[in-house]
Amino acid sequence: MNEFMSGSICYLNGNWEALADAKVSVLDRGFIFGDGIYEVIPVFSGIAFRLPEHLNRLEESLAATGIKNPFNRGAWVSIINQLVATNHGGDQSIYLQVTRGIAPRNHVLLEEVQPTVFLMSSPLVSNGPTTAIAAITLPDFRWQRCDIKTTSLLANVMSRFEASRLGSEEAIFIRDGFVTEGASSNVFVVKSGRIKTPPLSPGILPGVTRNLLVELSRGPDLVIEQAMVSKDELADADEVWVTSSGREMVPVVRIDDRPIGNGDVGPFFHEAQSIYREFKRRFSELEN
Ligand code: PDD
């Protein structure tokens, strides 16, 4: 554990404690079954970014899995704000997890239990200069409810390991010949001036960063189509980038060991990134 992590204060079931000291029972269904859901929320200048959108998705994940929502909106917001303040504001990344709780191992839950609620703060990785990455494509061998932000991420983890083994940072999933999403990101593709991202469906996570870019594309300077992207279109693209709350927008300049476009970060990425950054700047001004 690095110094920042061991010194950081986390929230576990109503208690505030040093991350290094926080402990969960081995019978927690998150540990036994991966029976939990999570969110990753970026914080800029002490303010949680797109918090209502993250809380909407949290509520949707809880409702879809039937895990009891332990808090109302106001209580979630105050725990998150307290966590940010306790960890000295500024820029950070909040990880929030809710599992179904602790019970004897049985697929079915036979008794009422309290969900386990855990939140921690980590350094934000997206700070610093934009760095382009390489990606690989892999068959999408995940389940059919990838719209739920579940902690059961074995397929995603295996895919990121495979990407890493091949010297790449991200794996882009292909289902039935079409791009779904990255193992931990949503995908955008540019060809001949058209920007496309796969449409929302149970096959992908409704990424908060993705949805923000789509929202910003309703302005005059950015047009993004939500449309299917074939594996060939991906390979043939002029530009590709991926988005996530952890890393914001990241250009992908090589896929399966071949350059995308001319192998450099392209003009559409820069344009979209500057519109996104301008939105963030206005957000920080309004909130501070
Ligand atoms: N992952 N798709 C998948 C499978 C993801 O895991 C993520 C984010 C995204 C992007 O969603 P958002 O823009 O809301 O972060 C898409 C997080 C950051 C993670 O697991 O660390």
Open item on the list: Probe radius 1.4 Å, ligands and nucleic acids ignored: give me the carbon and sulfur share of the accessible area of the chain as a rounded percent.
Closed with: 55 percent
Open item on the list: Can you give me the long-range amide H partners of S245? Hydrogens built in the peptide plane at 1.01 Å from N, cutoff under 5 Å, separation of 5 or more residues or another chain.
Closed with: T209
Task: Amide hydrogen neighbours beyond the local backbone of R175, cut-off 5 Å, H modeled - done: D140, T180
- [ ] Note down the magnitude of the dipole of region 3-123 about its Cα centre, charges +1 on Lys and Arg C-beta and -1 on Asp and Glu C-beta and zero elsewhere, to the nearest 20 debye.
- [x] 160 debye
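Once you have the alpha carbon radius of gyration of region 131-288, what is it after dividing by 2.2 N^0.38 Å, with N set to its residue count? Show your work: numbers first, answer last.
Numbers: Rg = 15.0 Å, N = 158, 2.2 N^0.38 = 15.1 Å.
That ratio works out to 1.00.
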- [ ] For region 56-68, just list the computed ³J(HN,Hα) in residue order, Karplus coefficients 6.51, -1.76 and 1.60, θ = phi - 60°, integers in Hz, with x standing in for Gly and Pro.
- [x] 4, 5, 4, 5, 5, 5, 5, 5, 5, 8, x, 7, 5
Open item on the list: On the Cα set of region 202-288, report Rg and Dmax in Å, please.
Closed with: 14.1, 45
TODO: Would you please state the base-10 log of I(q)/I(0) at q = 0.08, 0.11, 0.16 1/Å for the chain, with intensities from the Debye formula using one equal scatterer on every alpha carbon?
DONE: -0.36, -0.68, -1.36
Open item on the list: If you count only protein heavy atoms with a 1.4 Å probe, what accessible area per residue comes out for the chain, rounded to a whole Å²?
Closed with: 48 Å²
- [ ] Could you pull the Cα extents of region 75-172 along its three principal axes, largest to smallest, in whole Å?
- [x] 46, 39, 20
Task: Under the Debye formula (equal points on every Cα, no solvent term), log10 I(q)/I(0) of region 3-123 at q = 0.14, 0.16, 0.18, 0.19 Å⁻¹ - done: -0.59, -0.76, -0.94, -1.04
Task: Spatial separation of Cα centroids for region 10-74 and region 82-117, in angstrom - done: 4 Å
Task: Table column - 3J(HN,Hα) (Hz), region 160-173, Karplus curve with 6.51, -1.76, 1.60, x for Gly and Pro - done: 5, 4, 5, 4, 5, 4, 8, x, 10, 9, 9, 10, 9, 7
TODO: Starting at the first residue of region 92-102, write each ³J(HN,Hα) from the Karplus equation 6.51 cos²θ - 1.76 cosθ + 1.60 with θ = phi - 60°, in whole Hz, x for Gly and Pro.
DONE: 7, 10, 9, 9, 10, 9, 10, 10, 5, x, 9
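If packing is taken as the mean number of other Cβ atoms within 10 Å per residue, what is the order of 158-170, 15-27, highest first? Kindly include the intermediate steps, with their values, before the conclusion.
Numbers: 158-170: 16.6, 15-27: 12.3.
Those peptides, ordered most packed to least, come out 158-170, 15-27.
The values are calculated or read from the model by the stated rules, or taken from the named source; none is laboratory data. Bear in mind the structure is a predicted one, so any value in this text is a computation, not a measurement. Neighbour counts are summed over all protein chains in view; Cβ atoms, including those assigned to glycine, are modelled from backbone coordinates with ideal geometry. Accessible surface is based on the protein model in full, side chains and every heavy atom, while ligands, DNA and RNA are left aside. Shrake-Rupley method; radii C 1.70, N 1.55, O 1.52, S 1.80 Å.
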